[in-house]
Every structure is written in structure tokens, then in C-alpha cells.
1. In whole angstrom, and with the biggest value first, how far do the Cα coordinates of region 27-105 range along each principal axis?
2. Please work out the FRET efficiency for the pair residue 437 and residue 80, using the Cβ-Cβ distance as r and a Förster radius of 51 Å; give the result to the nearest 0.05.
3. Report the gain in length on full extension from residue 583 to residue 128: 0.36 nm times residue separation, minus Cα-Cα distance, nm rounded to one decimal.
4. If neighbour count is taken as other Cβ atoms inside 10 Å, put 488, 280, 311 in order from fewest to most.
5. Return one number: the angle in degrees, 0 to 90 and rounded to the nearest 10, between the long axis of the Cα atoms of helix 500-511 and the longest principal axis of the Cα atoms of the chain.
6. How tilted is helix 119-137 with respect to the longest principal axis of the chain? Cα atoms for both, answer in degrees (0 to 90, nearest 10).
7. Determine the gain in length on full extension of the stretch residue 365-residue 262; use 0.36 nm per residue of separation and subtract their C-alpha separation, reporting nm with one decimal.
8. For the chain, what is the calculated [θ] at 222 nm in deg cm²/dmol (nearest 500), taking -39500 (n - 2.57) for each run of four or more DSSP H residues and dividing by its residue count?
């Protein structure tokens with residue numbers, strides 16, 4: 001059990017677990033696809049991977065990543081993925097499920113209300129209140145400039161409401177006073193980035209006289225704001241965003257992701273634009289997969305967010321479409337995107353709008369169809385990168401052609417679809433006006449360098465021996481199907497397991513009351529076994545075994561359990577027979593007659609037992 005679990009009544013924790021769908025919780029941030037056997041798979045949110053190894057078992061409400069070893073229930077997922085405390089995770093899940101939690105104080109077991117929610121919940125509540133305040137201000141006379149700004153870009157009242165647009169009034173502390181009256185402390189407001197301390201010691205608002213967009217995370221919670229300058233006498237930057245806070249991490253934030261995430265997963269593509277109004281324009285024009293960064297360049301962490309939504313893996317290729325202005329700054333941003341593109345497995349494109357217009361300007365000038373046509377007319381990013389790279393050199397000279405080849409060949413080598421590399425090598429040779437052979441040599445040299453780097457990575461895990469597979473299968477039955485497996489499983493002790501970690505898990509199952517004591521194979525039973533396991537490796541393996549599919553294509557029935565446990569015992573009995581035979585052979589039957597006869601009798605009994613177990617095990621695992 002988690003360290004602070006005692007603050008919430010145990011039966012309430014069990015109720016939250018029972019009423020929570022882990023697939024729904026994880027599905028908000030990770031695209032999950034069927035993995036067979038009732039399980040789901042996706043790209044792990046806790047480490048970078050190309051092939052999905054993150055498994056969710058909805059029937060047992062648990063998850064496990066076979067790549068990094070992270071695993072647990074929905075409470076643990078929120079704690080790890082969103083850096084919440086246990087109490088904050090429980091409160092969020094209880095709120096979703098409509099459960100009123102009861103708390104226990106340190107000095108008394110009597111239930112009562114919790115005096116104060118966790119910090120994250122308080123900061124989120126402050127942002128909701130701030131968003132409501134700003135949205136109401138947008139309709140006031142002082143916000144005329146903000147409404148005009150939106151209207152000039154093609155967004156009326158309905159669009160403003162859809163995207164939660166608001167206005168920070170011409171006041172130094174209007175929001176601060178409003179939120180203080182609602183019970184938020186000065187420390188909470190400063191920590192949230194909604195206010196900042198003035199020289200006088202009082203609070204002043206972070207944003208003033210600006211048009212605002214609420215920035216939400218994947219789950220739809222408001223975590224910050226983006227503010228656009230409206231007045232010429234405003235000496236601040238054109239765009240001002242919420243500072244880094246416990247909620248707002250700009251390297252992870254994508255504006256519009258809360259509205260776009262389902263369409264991104266459904267359509268298998270994401271469109272990257274540069275600003276808030278560009279996101280709005282794309283969505284209004286019928287391209288609801290558009291998102292934008294907030295005050296920072298598109299980087300590694302943003303890629304991680306999108307890859308998990310796109311299920312961007314070796315077996316499934318999504319599309320990333322960057323939209324950049326055709327000017328020098330836009331070209332530089334596109335080339336930077338190509339460097340990061342190597343972290344995507346899917347296909348990556350660039351869409352450059354005509355006359356260097358951004359999507360918002362394009363929609364205003366030429367309509368919704370023009371925006372969709374711009375995205376449909378995308379160009380592979382590698383084509384753009386190659387053209388831009390060789391364009392830096394004078395191809396009328398030998399030196400220029402050779403240097404251009406040296407710079408461009410590694411780009412061809414990076415193309416993930418190996419069948420396209422020879423064609424791009426030929427295209428590069430033609431663009432350079434060179435023979436194919438030297439260009440192909442340069443590409444192959446770059447490929448060898450990449451292969452050498454790949455070879456230095458750790459080797460894959462060694463397959464388990466047959467007996468270890470059987471031991472593993474029996475533990476999976478006890479964890480996943482305890483009601484069915486319990487009566488037979490509990491009769492086989494830890495001594496029948498050859499692996500020390502498996503022995504520790506078997507001992508933990510016994511300490512938890514045995515598989516027969518479980519009412520179901522859900523998360524409560526699995527967590528109980530984890531709590532009883534003293535072996536750290538065993539604790540991690542319990543999570544893995546709880547989601548790993550059983551090694552049968554048919555229905556798990558008593559016969560399958562009997563075959564598995566018989567095979568488990570055959571292995572351990574055979575090992576004991578082998579050890580006993582070795583001991584008997586070393587004894588002198590004349591000098592140690594009594595011991596010899598006793599061992600021979602034991603050996604005979606074990607061989608009879610082995611034959612009976614083999615008969616039971618017939619049927620195949």
C-alpha cells in the first residue's frame with residue numbers, strides 16, 4: 001500500500017479502484033490499441049521507445065511497461081505520469097467517479113472532511129477561477145480592442161467561447177483581489193504564476209490589458225495562459241506566457257492538444273503550427289489536428305506527447321505535418337524540425353503556405369479550403385531539407401558539389417524507409433550533377449556509422465528456459481485468475497520454483513492469504529501481493545506478470561490450470577530425482593546399506609510421482 005494511504009479510508013480507496021477504468025485514464029494521454037487477450041498496448045509515457053511495450057490490462061485495472069519496468073494501477077499511473085501525490089491522485093479519480101472520500105486523522109480513526117486539498121488541485125482550481133474571470137471580462141467595454149483583434153482574424157463570439165478566450169483588464173490587481181476573495185492564498189497565486197509580488201509586498205496580476213487564451217493539458221485542465229499584446233504603449237513582449245510552475249512546463253505544453261487529441265489519434269496525423277490563432281484557424285477550417293507550442297521551440301518532449309497519441313511505432317506510421325512561413329526564420333525552424341524528426345518513426349512533412357502567409361492569414365485571405373489545400377499539398381520534410389542543404393553551395397564548382405554531397409548524404413542515410421534510400425541517393429546525384437557511385441558511397445559510409453552506434457546498444461533479453469516459463473505461467477494464473485487457479489495453485493509450495501524471484505512471489509502470495517482468498521483477479525489482489533513481497537525485483541515482476549498474456553489461445557479453465565501446475569511440479573520433481581540419483585551413485589550399498597535403501601525407496605516414490613504428473617501434464621502448454 002502507498003505510504004499515505006491511511007489518510008483515506010481503505011474501503012474508499014478500494015471503491016475508487018473498483019470504479020476506475022484504467023484504460024480511460026491512460027487513454028487520455030496514450031493511444032492504446034488491442035494487443036490480444038483483452039489487453040491494450042501503446043508507447044510508454046515513461047521512456048522513449050520505437051516499438052510499443054506499454055501494456056494495459058483493463059480486466060485487472062493494471063498497467064506495466066516491459067521496456068522500463070514501470071507498472072501499477074490508475075493511482076500509481078497518475079502519481080508517476082503527472083507527478084501527483086497519492087492523495088491528489090485519489091482525489092482526482094474519486095471526483096471522476098462521483099465518490100465522496102472520507103478521511104482519517106492521525107489521532108483518531110473517525111472519518112471526517114480533509115482540511116485542505118493537495119497543492120496541485122488548489123492550483124488547478126485557481127486556474128479554473130481565473131479562466132472564468134478572464135472570459136467574463138472579454139464582454140466588458142474595456143475589452144473592445146481584444147474583441148476587434150479576434151474579429152479581424154475571422155473569429156466571432158462563438159469561436160471565442162469555444163476556445164475560452166478572455167481579457168485581462170486594465171487593472172494591476174483585479175484578478176488577485178477576485179481570487180483572494182475566493183479563498184486562494186497569496187502563495188498559491190504566485191506559485192501558479194497568476195500573480196507576482198509587488199515592491200510594496202502586495203500582489204499584482206501577471207497579465208494586464210491583454211487578450212488571453214487558456215492553455216490546457218491533455219486531460220483538459222487549465223494549467224496556464226498565453227497573453228497577446230493589444231496596445232502600443234504596452235512595453236512588454238508581443239506574447240507573454242505563464243512562467244514555469246508545478247503545473248506549467250513549457251517544454252511539454254502544446255496549445256490545442258486537449259481538443260485535438262482524439263482527432264490526432266483517429267486520423268493518424270498531427271499538424272504543428274506556430275500560434276494560438278493558427279490553431280484556431282486550422283480547427284475552424286476543418287483541420288482539427290492542429291496544435292502549437294507555447295513560447296518555445298518544438299522539441300523532444302513535445303515529440304514524446306505526440307508519438308504516444310499517434311502510436312508512432314515501427315508497425316504504425318503516423319504523419320507529422322509542420323507548417324512554417326516561407327521566410328528565412330521559417331526555413332530555419334523547418335530544418336531544426338528535421339533534426340528532431342529522427343525521433344519520429346512516422347512520416348514527416350512540411351506545408352509552406354503561399355506568399356509566406358500563416359494559416360490564420362491564409363484562411364482570412366482565401367478561405368477554409370485554402371487552409372486544407374495547403375496541408376494536403378505537404379512535401380516530405382527530407383525533400384525540403386535536401387533541397388535547402390545543397391542550395392547553400394555553388395554547384396557549378398567541383399568543391400561545391402563535393403561539399404554539398406558530404407552534407408546531404410547523412411540526411412539520406414537517416415531516412416527510415418530503407419527502400420527509399422537508393423531512390424533518394426539517385427535523386428541527390430542528379431541534383432548535384434554527379435555520378436551515382438560517389439554519392440552512394442557517401443550514403444553507405446553514413447549508414448555504417450549509424451549501424452555502429454546501433455550495435456553498441458544493449459542486447460535483447462535472453463529467452464527464458466522452458467521450466468522458468470512454466471513457473472512464470474503458474475504465477476500469472478495466481479495473479480490474474482486467482483478464483484479459478486487458487487485451490488490447485490495453493491497446494492504447490494515455493495520449493496517447486498527454481499528461480500529465487502519466483503520463489504519470493506510465491507511466498508508473497510501465501511502471505512497475502514493464498515490465491516484462494518482473492519475474490520477477483522483485480523488490482524486490489526495484485527496490490528495486496530505486492531505489499532507482501534519483500535523482494536524488490538519480485539515487486540516489479542508482479543506488475544509485469546499481472547498484464548502479461550497467458551500462454552494459451554483458448555479459454556483459461558481448470559484443465560489448463562491443472563496442466564500448468566503439473567508441469568511446474570514435473571520440473572521440480574525431475575530436478576530432485578536427478579540430485580537423488582547422483583547421491584545414490586556415490587554411496588557404497590554395502591558400507592551404507594540402510595541409507596542406500598532409504599534413498600532408493602525415496603527415489604522410487606519420486607519416479608512414480610513424476611509419471612503421474614506427466615500424465616496430468618499431457619495436453620500441451
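Values quoted throughout were computed directly from the atomic coordinates according to the rules given, and no laboratory measurement underlies them. Values in this document were obtained by computation on a predicted structure and should not be read as measured data. Here Cβ is always computed from backbone atoms with ideal geometry, including for glycine, and neighbour counts include all displayed protein chains.
1. So the extents along the principal axes, rounded to whole Å, are 45, 24, 18.
2. On the way: r = 52 Å, r/R0 = 1.03.
Calculated transfer efficiency: 0.45.
3. Values: separation 455, 0.36 × 455 = 163.80 nm, distance 7.54 nm.
Length gained, residue 583 through residue 128: 156.3 nm.
4. On the way: 488 19, 280 29, 311 22.
Least crowded to most crowded, the residues run 488, 311, 280.
5. 90 degrees
6. The helix 119-137 is inclined about 30 degrees to the chain.
7. On the way: separation 103, 0.36 × 103 = 37.08 nm, distance 2.90 nm.
Gain in length upon complete extension: 34.2 nm.
8. Using -39500 (n - 2.57) per qualifying helix, the result is -16000 deg cm²/dmol.
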